[in-house]
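Before any comments, here is the structure.
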Amino acid sequence: MILAYSKLSFSQVFKLYTALQQYFQNGEKKTVEDADMELPSREESERKMEKEELDVSIREEEVSCSGPLSQKQAEFFLSQQASLLKNDETKALTPASLQKELNNLLKFNPDFAEAHYLSYLNNLRVQDVFSSTHSLLHYFDRLILTGAESKSNGEEGYGRSLRYAALNLAALHCRFGHYQQAELALQEAIRIAQESNDHVCLQHCLSWLYVLGQKRSDSYVLLEHSVKKAVHFGLPYLASLGIQSLVQQRAFAGKTANKLMDALKDSDLLHWKHSLSELIDISIAQKTAIWRLYGRSTMALQQAQLLLSMNSLDSVNAGVQQNNTESFAVALGHLAELHAEQGCFAAASEVLKHLKERFPPNSQHAQLWMLCDQKIQFDRAMNDGKYHLADSIVTGITALNSIEGVYRKAIVLQAQNQMSEAHKLLQKLLIHCQKIRNTEMVISVLLSVAELYWRSSSPTIALPVLLQALALSKEYRLQHLASETVLNLAFAQLILGIPEQALSLLHMAIEPILADGAVLDKGRAMFLVAKCQVASAASYEPLKKAAVLEAAIENLSEAKNYFAKVDCKEQIRDVVYFQARLYHTLGKTQERNRCAMLFRQLHQDLPFHGVPLINLL
């Protein structure tokens, strides 16, 4: 009887109390008979509750708490759902179902602080600013009102709740981009923590202070100080996150990869020492992103596959592994993009399909794969010459990443020969990216501006822009963008009539392109080498000229194979045009006719936008 009574929820105790009161007040036989009739149903409900507690499976229909739960059952339900939200969101209840259950819990016990906190996490999933703020404030209000911390810590517990409430509020505002409100809340948290001499809370505040001010040039000083203090106070999780942030900042500042990897190795030692499996995943995802940034696609691929093949150190529940976290989504996104760059679109679509299953559209990390998917679709549409389709995809990219969306819009306008509109858009984007110090995008914009100039028959104006882009890419060690800039410089020199210099420039830059570049860049490089060979052979004696033209034809065939992998029909059309001209010069009529027929077929299918061609053969 005592065990059964302990399992009753507050509402059930109240009902029992009311029934007993009526029994003693009335003293009628009818009341006794009614009470006896209620006992079997109560026993059945108790047995059902025991069965639910013993059941470990996490199916939604079993997790659902349609009726009032006891304190222990409610705590188990909340801890289970919170754990699933952190590690494997797909196995948790849907946002609407979970909110319904939480509302049901709060109806019977409005002062249940943990239920308010889970409601806050649930609202974060669907990016609901108002409801998440409301639930967070309610959580700390109930925590203080119930005296959960004050009982054990006295007045200190009360102050602890207040400062961590302000800190959590700052984190919430920062997540939604409300930086002024976040700064105010953080100042409040720092003030209360200083009054209480709480060094742990101050360390968390220092970390968030860096996040809010990371665009400032001196922010690394804050971060270094934060890491040292975290190590001093024995906070390995915070110290490791600080090292990760420092590495990320140094990567954007153009530090050498070996120094960054050494720093990450030190943080990995912390992770293995303290069994911080979540941070091990984050570290590997960070390495993948750094190698991608530096243009080393092979190393990035290796790191992404390492994360996918790694088993998590701790399982949350039976059969639930920590593989549905943000780091997993980031690694898979890189994997999809790397496959798409190499023309393996079937493999990329399989990876994206897997991502969609693991991170449904309503999950908090779904935006990562959505952006990857949109970018791959855009690139394919541009390669295929379907600019109207690419233009419609731009809207989706802009919704997920405004800077990327504006840049892609300018590319579409440029492809459609709307040069003045594209130039205006690129200039605005350039100023904005320089202001926020997005160096990678600054270089990409400079390359697009240079392309606008040489397509407008002004290659001399393009040269200083390209040199500026090359200086930036070399300074920040962005190999991929540096190689692309060299290709553009070589092309500008070819247009200016100095093919020999362009060819020597290409020979220096072609190795990293063929080793780590995208298939499209490999095709462009080989196509440009062939153009330079043809242009430089104009003054050669007939025998030497024929040998050079044969070599150029081989390079064009290689370029055509690369372009065919990414289904780039416009570039294939230009390649077969050149091959036809070269075969004609060499007197190979049959090969010339075959290339000419292929060119005619492609030319009829595709719009012609006036691609500059070499007529001097």
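A short reminder: the numbers here are calculations on the coordinates, not readings from a lab. This structure is a prediction, so every number in the text was calculated from the model and none was measured. Neighbour counts run over all protein chains shown; Cβ positions are idealised from the backbone, glycine included.
With a Förster radius of 51 Å applied to the beta-carbon distance between TRP272 and SER458, the computed FRET efficiency rounds to 0.35.
Here region 481-553 is assigned +1 on the Cβ of each Lys and Arg and -1 on the Cβ of each Asp and Glu. Its dipole about the Cα centre then comes out at about 200 debye. Using a cut-off of 26 Å between Cα atoms, the listed pairs LYS86/LYS287; LYS259/LYS522; LYS229/LYS255; LYS386/LYS565 include LYS259/LYS522 as exceeding that distance.
All other residues with a Cβ under 11 Å from the Cβ of HIS603 taken together, and with Lys, Arg as +1 and Asp, Glu as -1, what is their net charge? Taking every other residue near HIS603 into account, the sum is 0. Normalised by the residues of region 471-541, what does the relative contact order come to in percent, with Cα pairs under 8 Å and at least six apart? Once normalised by length, the contact order is 32 percent.
Counting only residues at least eight positions apart within a chain, or on another chain, the lysines with an alpha carbon under 24 Å from that of LYS588 are LYS531, LYS544, LYS545, LYS560. Against the chain, whose longest principal axis is taken from its Cα atoms, helix 345-358 shows a tilt of about 10°.
Calculated mean residue ellipticity at 222 nm for the chain: -26500 deg cm²/dmol, from DSSP H runs with n ≥ 4 weighted as -39500 (n - 2.57), summed, divided by the residue count and rounded to 500.
Label-to-label distance for SER349 and LEU606 is 2.2 nm, based on points extended 7 Å past Cα in the beta-carbon direction.
Taking Cα atoms only, the orientation of helix 29-54 departs from the longest principal axis of the chain by about 30 degrees.
For the chain, the direction-averaged projected area of the alpha-carbon convex hull comes to 35.3 nm². Straight-line cross-link reach from LYS15 at under 26 Å between alpha-carbon atoms covers these lysines, not counting any fewer than eight positions away in the same chain: LYS7, LYS29, LYS30, LYS48, LYS51, LYS72, LYS100, LYS107. Subtracting the Cα-Cα distance of ASN258 and SER402 from their residue separation scaled by 0.36 nm leaves 48.6 nm. How high is the relative contact order of the chain, in percent, counting Cα pairs under 8 Å that sit 6 or more residues apart? RCO, the chain: 8 percent. Basic side chains Lys and Arg get +1 at the Cβ, acidic Asp and Glu get -1 at the Cβ, and with that the dipole of the chain about its Cα centre reaches some 2280 debye. Rg/Rh, computed from the Cα trace of region 534-616 with Rh as the Kirkwood radius, has the value 0.98. A straight chain from SER557 to ALA96 at 0.36 nm per residue would run longer than the Cα-Cα distance by 160.3 nm. In this calculation the C-beta distance from HIS199 to ASN103 is compared with R0 = 60 Å, giving a FRET efficiency of 0.95.
For region 582-608 and region 73-124, compute the distance between their C-alpha centroids and round to whole Å. Each part's Cα centre sits 66 Å from the other's. Remark: spin-label model distance ASN593-GLN181 equals 7.5 nm, labels positioned 7 Å along the Cα→Cβ axis. Dipole check for region 534-616: with +1 at the C-beta of Lys and Arg, -1 at the C-beta of Asp and Glu, and the Cα centre as origin, the magnitude is about 180 Debye. Our Cα-only numbers for region 438-517 put the radius of gyration and Dmax at 12.0, 35 Å. Model label sites at HIS584 and ALA4, defined 7 Å from Cα along the beta-carbon direction, differ in position by 10.0 nm.
The mean sequence distance of close C-alpha pairs (under 8 Å, at least 6 residues apart), as a share of the length of region 534-616, puts its relative contact order at 26 percent. Taking the longest Cα principal axis of the chain as reference, the axis of helix 297-309 is set at about 30 degrees. Between ALA515 and LYS428, the contour length at 0.36 nm per residue exceeds the alpha carbon distance by 27.9 nm. With the charge dipole of the chain set up from +1 on Lys and Arg Cβ and -1 on Asp and Glu Cβ about the Cα centre, the Cα lying farthest toward the positive end among the listed residues GLN302, ALA165, CYS201 is that of GLN302. What's the local net charge at THR256, with K and R +1, D and E -1, over the other residues with C-beta under 11 Å away? Residues close to THR256 contribute a combined charge of +3. A cut-off under 14 angstrom between Cβ atoms defines the neighbours of SER283, and their net charge, with Lys, Arg +1 and Asp, Glu -1, is -3.
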